[in-house]
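Okay, structure first, notes after.
The values are calculated or read from the model by the stated rules, or taken from the named source; none is laboratory data. Fair warning: this is a prediction, and the values are worked out from it, not measured in the lab. Note that each Cβ is placed from the backbone with ideal geometry, even for glycine, and that neighbours are counted across all protein chains shown. SASA here: full protein model, heavy atoms, side chains in, ligands and nucleic acids out. Shrake-Rupley method; radii C 1.70, N 1.55, O 1.52, S 1.80 Å.
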Amino acid sequence: MIEQAEEILLGSILKDNSILSEIILEPHHFLDTINSNLYKAMRSVKKKGYPIDGVTISDEMGESSFFFTGGNERLEELKKSVPSTHAFKSYEQVILNRWKLEKSRELLSETLDNLTLDKIQTLIKDLSNIEGEGTQEEFNLKSQLQQMLELVTVETPKERSGIPSGFLDIDNKTDGFQGNDLVIVGARPSMGKTAFLLNMALNAAKKVQAIPIIFSLEMTSQSLMKRMISCLAEINGMKLKNPYHYTTEEEKKRWVSAIGVLGDLDIQIYDKPRQKITEMRTKIRKIKHDNPGREIIVFIDYLTLIKPSQDYKSNTHAQVTEISADLKSMAKEFNCPVVCLAQLSRSVESRSDKRPFMSDLRESGSIEQDADIIMLLYRDEYYNGTTDDNRNVLEVDIAKNRDGEVGKVKIMYRKEINKMENFYHYHGK
């Protein structure tokens, strides 16, 4: 059964190369060594941007190794074994479950041979790690031109063309986040990146009933939910450590009311650490399938915590290059904005003016190339103390905007309640 599942999955890839982007398996998950080597070669060919077929696989593996796998005759047999490529996820799950079972048995056997408390603790950790593993494009010119014509001749609702951030000055420059947009939000620690993300997620859900999908690779879903309740109920974040004892009766009422608001919003949070892009794709695809016609917007906290498809050792540049390109590809594939937080380098701290530049993004070359919008956050209050001019002010520098204006805008950031609002709301503009 397992060998058949491996063969059908490999055959599915040969019949439809695009599904390889959604497969989370690693070569070591295949129990058959020949199948494992073949899958590894397919991934390498895909990485180079070539079609996956007998010619490219033979070139990647070398003629003798390719011949050992069975050559072109074997590839044809693999393709013929596929009843339907639509079921590839089922075969992938069979392979992964069998690998988990075999690996768990192997670890249990090794531990029971010489049982100690340390080995039991190591076994529990290893078993947990095991459990956590985890069409031809066509262009029709006439159809595309017809769509371009309809943009100016067919009346549409007078609203933003994209999903709004909820901040007027930002939306005036972007007209909302568009489908296909990769938006990078860069900042040093304590600038308010996560609060910025959560406020945009809440705004998208409330204003246009979009579905925010949040991949939190650092904070737990419960921590994020507490911050959103703090924002909606306007309760000091410090009180969230023990809400029952620290909140007043009035705040408890607002807390319950905020939960009711959140309950009406389709916010999805996935807090598994070190997720891969392939895992994210699978979750996004399911949500889109379950909610036809609904807009989605993806938020990721944050870029360098995403697990790459392979181990780049200490080559951070190669890792960021892969992830950045994959994020843009994901936005394009699902036609949805992808907003990803990013850390800035420590070099910011050595300057007298701590306002960041795009070059402060770690491994900024590939990010600058792939991103459609880059926003950099800065709080003068954090570095220079509170004054009348900088109190509760977050500066957002839209440093890159592929299809719109760049420039700096201000947002009111009430840090103690995790809430951000339009600057004009407090300044009579």
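Looking across Ile398, Ile411, Ile367, one residue alone is closer than 16 Å to Val339 by Cβ, touching a Gly at 6+ places or on another chain (Cβ under 7 Å) and not small (Gly, Ala, Ser). It is Ile398.
Residue-level analysis places Lys276 among those that are buried (at least 17 other Cβ atoms within 10 Å of the Cβ), at pLDDT below 90 and among the charged types (D, E, K, R).
Within segment 279-295, the set of residues being surrounded by 14 or more Cβ atoms within 10 Å (Cβ to Cβ) and either outside any loop (DSSP other than H, G, I, E, B) or in contact with a Leu (Cβ under 8 Å, 6 or more places away or on another chain) (or both) comprises Glu279, Met280, Arg281, Thr282, Lys283, Ile284, Arg285, Ile287, Lys288. Within segment 335-365, the set of residues being outside any loop (DSSP other than H, G, I, E, B) and open to solvent by 10 Å² or more (accessible area, probe 1.4 Å) comprises Gln343, Arg346, Ser347, Glu349, Ser350, Met358, Ser359, Ser364, Gly365.
Say we look at segment 372-429 and pick out the residues that are among the hydrophobic types (A, V, I, L, M, F, W, C) and part of a loop (DSSP other than H, G, I, E, B); which of these is nearest to Leu182 (Cα to Cα)?
Across segment 372-429, the extreme among qualifying residues is Val406.
Every test in (1) open to solvent by less than 50 Å² (accessible area, probe 1.4 Å); (2) more than 16 Å from Gly11 (Cβ to Cβ) is passed by Glu60 save one, and that test is (1).
Cβ-Cβ contacts under 7 Å between residues 6 or more apart (or on different chains), taken from a first residue in segment 101-128 that is of a type in the set (Ser, Thr, Tyr) and at pLDDT 80 or above to a second residue that is in a helix (DSSP H, G or I) and open to solvent by less than 80 Å² (accessible area, probe 1.4 Å), are listed as Ser104/Leu127; Ser104/Ile130. Within the option set Ser36, Ser58, Ser64, being within 16 Å of Glu92 (Cβ to Cβ), in a helix (DSSP H, G or I) and not aromatic (Phe, Trp, Tyr) holds for one residue only, Ser36.
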